[in-house]
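**Student:** Sharing a structure, written as structure tokens. Questions coming.
The values are calculated or read from the model by the stated rules, or taken from the named source; none is laboratory data. Everything numeric in this text was worked out from a predicted model, so none of it was measured. Glycine also receives a Cβ, built like all others from the backbone with ideal geometry; neighbour counts cover every protein chain displayed. What goes into the accessible areas is simple: the full protein's heavy atoms, side chains included, and nothing from ligands, DNA or RNA. Shrake-Rupley method; radii C 1.70, N 1.55, O 1.52, S 1.80 Å.
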Amino acid sequence: MKTRITELLGVQYPVIQGGMAWVAEHHLAAAVSEAGGFGLIGGANAPGEVVREEIRKARELTGKPFGVNVMLMSPHADDVAKVVVEEGIKVVTTGAGNPEKYMDMWKAAGVKVIPVVASVALARRMERYGADAVVAEGCESGGHIGEQTTMTLVPQVVDAVEIPVIAAGGIGDGRGIAAAFMLGAEAVQIGTRFVVSKEAVVHENYKQRIIKAKDIDSAVTGRSHGHPVRCLRNQMTREYVKLEAEGKSFEELEYLTLGALRKAVQEGDITMGTVMAGQIAGLITKEQTCKEMIEEMMAQAKELLGRD
Ligand code: TUI
């Protein structure tokens, strides 16, 4: 399935991996790229030097192209933005903000820039600033989210810009990929399904929580202070939502979730940790290799789209 995105990224399949904090480290990024998709190292809140090490380790595992996601709310975003250039990374995605201030530096270094956007306005602005593509991410996604659903956001972004659009949020199988293509997307970004891949270095409790999740197990914390984060329901989300209803300040609420994602991903604390996952978690039933996942999803998508 050739699209402008497979050409841009030099990949076999129009599937890119989400730049998930703590999850998208070198093993996962290399495995997705080796399987014919496009892997990404998630910069998240990590210092530049940690991201540099991750890039180098991924290069030991794959000769195929992979990229880096720069999380713009990170205090280390400036450093990570420079490290990707120094390390010769050719594709950057960005999340949780507006990457304008890095665009000139990246373009001058020949880096393809693919901002993740949650609105038509930001998609248009990114195109004007020279973005090569955008990821239109609906609020079905895990982690930090916008307001629009994938179903409504993707076709509106597709109509608003000339650059190719990658759909994200709520996509976990070939039906989701086919649907995204029907909305005009030229690739998809997948996160939650890859969290339960064999190659993802994620605590077994976290993987099992996703595998066992039902459709209604998703919760959003932080809406009251403008930083909505989607994760799976647990004691932490119940306490968080209760404190939000009581009108507690951003600082008090942040205290509850300090380090909570790491606690869940690395220590397996799925009770008080933040189990970030998208609403598609309920559809995900088994651990597989990234190759098995991608080949299964693409076969299903191709059949639905009537292509060989
Ligand atoms: O960035 C994400 N998802 C993330 S980042 C993250 S790390 C984190 N951890 C704890 C709390 C908060 C963050 C976890 N998940 N997705 C891409 C994304 N970007 N979704 C929404 C946006 C977005 C939202 C508003 C992008 C730009 C924006 O406005 C920028 C502007 O200036 O207009």
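**Student:** Kindly state, as a whole number, the per residue volume in cubic angstrom of the convex hull around the alpha carbon atoms of the range 58-163.
**Tutor:** For the range 58-163, the hull spanned by Cα atoms encloses 115 Å³ per residue.
**Student:** When the chain is fully extended, how far beyond the present Cα-Cα distance does Glu267 get from Ala109, taking 0.36 nm per residue of separation?
**Tutor:** Value of the extension gain: 53.0 nm.
**Student:** Counting pairs of alpha carbon atoms under 8 Å apart in space and at least six apart in sequence, what relative contact order in percent does the range 82-129 give? Let's see the in-between values first.
**Tutor:** Details: 41 pairs, mean separation 19.3, N = 48.
Reported relative contact order: 40 percent.
**Student:** While we're on this one: So what is the accessible area of the chain per residue, in Å², with the probe set to 1.4 Å?
**Tutor:** With all protein chains present, the chain gives 42 Å² per residue.
**Student:** For the chain, with the dipole built from +1 on Lys and Arg beta-carbon atoms and -1 on Asp and Glu ones, taken about the Cα centre, which of Ala200, Ile16, Thr285 lies farthest toward the positive end?
**Tutor:** Going by the Cα projections, it comes out as Thr285.
**Student:** Starting from 0 in steps of 20 Å, tell me what percent of the Cα-Cα pairs of the chain lands in each bin.
**Tutor:** Result returned by the calculation: 36, 60, 4.
**Student:** Work from the charge dipole of the range 125-211 (Cβ charges, +1 for Lys and Arg, -1 for Asp and Glu, about the Cα centre) and give the residue of Val165, Gly146, Gly130 farthest towards its positive end.
**Tutor:** With unit charges placed on the Cβ atoms, the residue in question is Gly146.
**Student:** Once you place label points 7 Å from the Cα toward the Cβ at Leu305 and Lys248, how far apart are they in nm?
**Tutor:** The modelled label-to-label distance comes out at 4.5 nm.
**Student:** Non-local amide H neighbours of Lys112 (under 5 Å, H modeled in plane, Pro and chain starts lacking H): which ones?
**Tutor:** Answer set, sorted by chain and number: Val91, Val92.
**Student:** If you average the C-alpha positions of the range 193-227 and of the range 251-308 separately, how far apart do those two centres end up, in angstrom?
**Tutor:** Each part's Cα centre sits 5 Å from the other's.
**Student:** Rounded to the nearest 10 Å², what accessible area does Trp22 have for a 1.4 Å probe in the complete protein model?
**Tutor:** About 120 Å², rounded to the nearest 10.
**Student:** Simple spin-label model, 7 Å along Cα-to-Cβ: Leu256 to Lys57 in nm?
**Tutor:** 3.2 nm
**Student:** I would also like to ask the following. Mind listing the phi-derived Karplus ³J(HN,Hα) values for the range 234-247, rounded to whole Hz, using 6.51, -1.76 and 1.60 with θ = phi - 60°, and x for any glycine or proline?
**Tutor:** Per-residue couplings from phi come out as 7, 4, 4, 5, 5, 5, 4, 5, 5, 5, 4, 5, 7, x Hz.
**Student:** With charges set only on the Cβ (+1 for Lys and Arg, -1 for Asp and Glu), what does the dipole of the chain come to about its Cα centre, in debye to the nearest 20?
**Tutor:** 280 debye
**Student:** Same structure again: Which order do the peptides 89-98, 229-238 come out in when sorted by mean C-beta neighbours inside 10 angstrom, highest first?
**Tutor:** In descending order of packing, they fall as 89-98, 229-238.
**Student:** With the cut-off at 27 Å, tell me which of the pairs Lys57/Lys112; Lys64/Lys302; Lys248/Lys286; Lys2/Lys286; Lys57/Lys107; Lys2/Lys107 have Cα atoms farther apart than that.
**Tutor:** As for pairs spanning more than 27 Å Cα to Cα, those are Lys248/Lys286; Lys2/Lys286.
**Student:** Please list, or write none, the lysines whose alpha carbon is within less than 24 Å of the alpha carbon of Lys242, excluding same-chain residues fewer than 8 places away.
**Tutor:** Reachable lysines: Lys214, Lys263.
**Student:** What's the carbon and sulfur percent of the range 66-121's accessible surface, probe 1.4 angstrom, rounded to a whole number?
**Tutor:** Working: 1160 of 2080 Å².
C and S atoms contribute 56 percent here.
**Student:** Please state the relative contact order of the chain as a whole percent: Cα pairs under 8 Å, 6+ residues apart?
**Tutor:** That works out to 17 percent.
**Student:** Report the gain in length on full extension from Arg4 to Thr285: 0.36 nm times residue separation, minus Cα-Cα distance, nm rounded to one decimal.
**Tutor:** 98.0 nm
**Student:** Using a 1.4 Å probe and counting only protein heavy atoms, arrange Met73, Met20 so the residue with the most accessible area comes first.
**Tutor:** Highest to lowest solvent-accessible surface, that is Met73, Met20.
**Student:** Related question: Multiply the residue gap between Val220 and Gln235 by 0.36 nm, knock off their C-alpha separation, and tell me the result in nm, one decimal place.
**Tutor:** So the chain would gain 4.1 nm between Val220 and Gln235.
**Student:** Write out the trypsin sites (Lys or Arg not before Pro) in the range 1-82 meeting two conditions: DSSP loop, and at most 10 other Cβ atoms within 10 Å of their Cβ.
**Tutor:** In loop regions of the range 1-82 (DSSP not H, G, I, E or B), the sparsely surrounded trypsin sites (Lys or Arg not before Pro) are Lys2.
**Student:** Could you tell me the center-to-center distance, by alpha carbons, between the range 1-48 and the range 102-165 in angstrom?
**Tutor:** Measuring centre to centre over Cα atoms gives 16 Å.
**Student:** Let me ask another. If you take the square roots of the eigenvalues of the alpha-carbon gyration tensor of the range 153-308 and sort them as a ≥ b ≥ c, do you get rounded (a/c under 1.5), prolate (a/b over b/c) or oblate?
**Tutor:** oblate
**Student:** Roll a 1.4 angstrom probe over the protein heavy atoms and tell me the percent of accessible area of the range 219-308 that is carbon or sulfur.
**Tutor:** 51 percent
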